[in-house]
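The values are calculated or read from the model by the stated rules, or taken from the named source; none is laboratory data. Note that the coordinates shown come from a computational prediction; the quantities given were computed from them, not determined experimentally. Because the Cβ atoms are built from the backbone with ideal geometry, glycine has one as well, and the counts that use them run over all protein chains shown.
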């Protein structure tokens, strides 16, 4: 650490921090002093691939396993994330659909939970910027309004996807994705290896391969191995960030602080700091999903070019959302098969993903160890479970354009590897923790970034939206 | 034959009836059972026997079956009883993993060709090997 005080201290190096920094640096003066505190270390992509091949790499032990970093009081549900430089960009699957306009007004449209304090139109230009920076592959037509074109052409449909697209048009589209459809910006084209957590050909966007120049900027100093555990809060301002590095305690002052760890650790930092907002740490959640295996009569499902080839929106919007959760379909292209001679690939697997709502019974709390937040998660909402039943009732008619033999459903999947909602956004402090610019309602020099800000938990993947929220927040605040 | 001798002989015969198959059961390795299950399930394909054995060796490395006597007994029982792979998750996973670790799908499910084992976890050793993708089914052909 070069200085004792900075203009901006950013905590974490994942999507939320990186896009926030990107916009901040575009507006900050040439002499701005920015400190980034990253708990983990760089584990380069090439070394991750070596590890996956079964080869030894010294990098493998630099970052702790996620499960060792928190106290799980309900261990039947684990929370999936990756520690280290770039955060969960190292393990995400690169799915980047936008949210639907309706996702931002759940209360006014459906009488459910709360409206977000900003709307789709507010985010639209920032969605486009993130799509450009990530070189997203996507289709010409989408179910959400879109004024810009996707930078890269879409991935290819499978034979079954083509039939569904013909039937449903803009409600069944090539998935918008950060898995490049053609080589771009130093990344290779995705070739459907379907192990995207560590892409064997470096096709998906990560912070490491982003080439957006944030951490190379001379105004930015990055300190690795620095775990922030609290902020000093005085007179409705944060004064210092407190962190451990190599067994020693450090304190750093700044004008502005941006918490960009995940929703578990952001809320733990605030709770350790003495934040008494009634919603801090509350409403921890994520989407719920299951697999629907659709057995087909003499129809071979082949020809897609990536992991998730398509998204189906036929069960997403509609009056049913007054009572039961929206569902987003993902057409999965892993090399799954039927164990039946001559029918090997007469099968399509869909991942059916359901929205959830913040529930008070699901929360992050402080533990005896201030570095390890304690998590209680007692399950999804009734609203979500009703969405599962609604989907099961409707899916056969939705798939009537296919020669369906039978549909089999898996149990609910343990995790979607998304962590949402512990510092929810709201118009006032009586309804949430932060405002529409991701600034804490009480501590006005503290940004709380990332998917912890989500007011409700749409079925769409969160990364594109949380990145757009970071750009929007920095653009409107500086 | 008096009653005592009758009981002694029938008892020994009964014990043998139970014990001999049991001895076979116990002497069969999980590798033999797994190879047997794959071979039976895919009897209509020409399998490369050494490749099947190598797959089983690779598949069971670090597999929980190595430390689970219950799973070992389950596998062997399924083998001896001729259980259909689709009726057992353990068996279906075994056969599924074998067939997707071969060149069978790359060869477009051609049953006339000998099925050769390529390797487990091949995504990192052989990226782009998803046999159902557009690389193997170009748009013009589907």
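Here are the numbers for the structure shown:
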| quantity | calculated |
| --- | --- |
| Within the range B:71-111, tally of residues that are under 17 Å from residue B:43 (Cβ atoms), part of a loop (DSSP other than H, G, I, E, B) and touching a strand residue (DSSP E or B) at 6+ places or on another chain (Cβ under 9 Å) | 1 |
| Single residue of A:123, A:37, A:109, A:118 found to be assigned to a loop (DSSP other than H, G, I, E, B) and either farther than 24 Å from residue A:16 by Cβ or modelled with pLDDT of 95 or more (or both) | A:118 |
| Hits in the range A:133-168 (condition: more than 26 Å from residue A:214 (Cα to Cα), outside any helix (DSSP H, G or I) and within 14 Å of chain B (Cβ to nearest Cβ)) | A:153, A:154, A:155, A:156, A:157, A:158 |
| Residue identified as under 18 Å from residue A:97 (Cα atoms) and either buried (at least 24 other Cβ atoms within 10 Å of the Cβ) or touching a residue at least 40 places away in the same chain (Cβ under 8 Å) (or both) among A:303, A:312 | A:312 |
| Evaluation of residue B:128 against (1) surrounded by 15 or more Cβ atoms within 10 Å (Cβ to Cβ); (2) touching a residue at least 24 places away in the same chain (Cβ under 8 Å) (one fails), failing number | (2) |
| Any hit, the range A:233-251, residues being out of contact with any strand residue (DSSP E or B) (no Cβ under 6 Å at 6 or more places or on another chain) and surrounded by 17 or more Cβ atoms within 10 Å (Cβ to Cβ) | yes |
| Residues that are over 15 Å from residue A:314 (Cβ atoms) and touching a residue at least 24 places away in the same chain (Cβ under 8 Å), drawn from the range A:152-174 | A:152, A:153, A:154, A:155, A:156, A:157, A:158, A:159, A:174 |
| Test: residue B:43 is part of a loop (DSSP other than H, G, I, E, B) and loosely packed, with under 13 Cβ neighbours inside 10 Å | yes |
| Verdict on residue A:390 being assigned to a loop (DSSP other than H, G, I, E, B) and either in contact with a helix residue (DSSP H, G or I) (Cβ under 6 Å, 6 or more places away or on another chain) or crowded, with 24+ Cβ neighbours inside 10 Å (or both) | no |
| Count - residues of the range A:220-232 that are assigned to a loop (DSSP other than H, G, I, E, B) and surrounded by 17 or more Cβ atoms within 10 Å (Cβ to Cβ) | 1 |
| Counted residues, the range B:106-126 - those being in contact with a helix residue (DSSP H, G or I) (Cβ under 9 Å, 6 or more places away or on another chain) and at the interface with chain A (Cβ under 7 Å from one of its Cβ atoms) | 2 |
| Answer residue from the range B:85-96, given it is under 17 Å from residue B:32 (Cα atoms) and within 11 Å of another protein chain (Cβ to nearest Cβ) and is surrounded by the fewest Cβ atoms within 10 Å (Cβ to Cβ) among those | B:93 |
| Check on residue A:338, surrounded by fewer than 23 Cβ atoms within 10 Å (Cβ to Cβ) and either within 14 Å of chain B (Cβ to nearest Cβ) or assigned to a loop (DSSP other than H, G, I, E, B) (or both) | yes |
| Within the range A:191-203, tally of residues that are facing chain B (nearest Cβ under 9 Å) and not in a helix (DSSP H, G or I) | 8 |
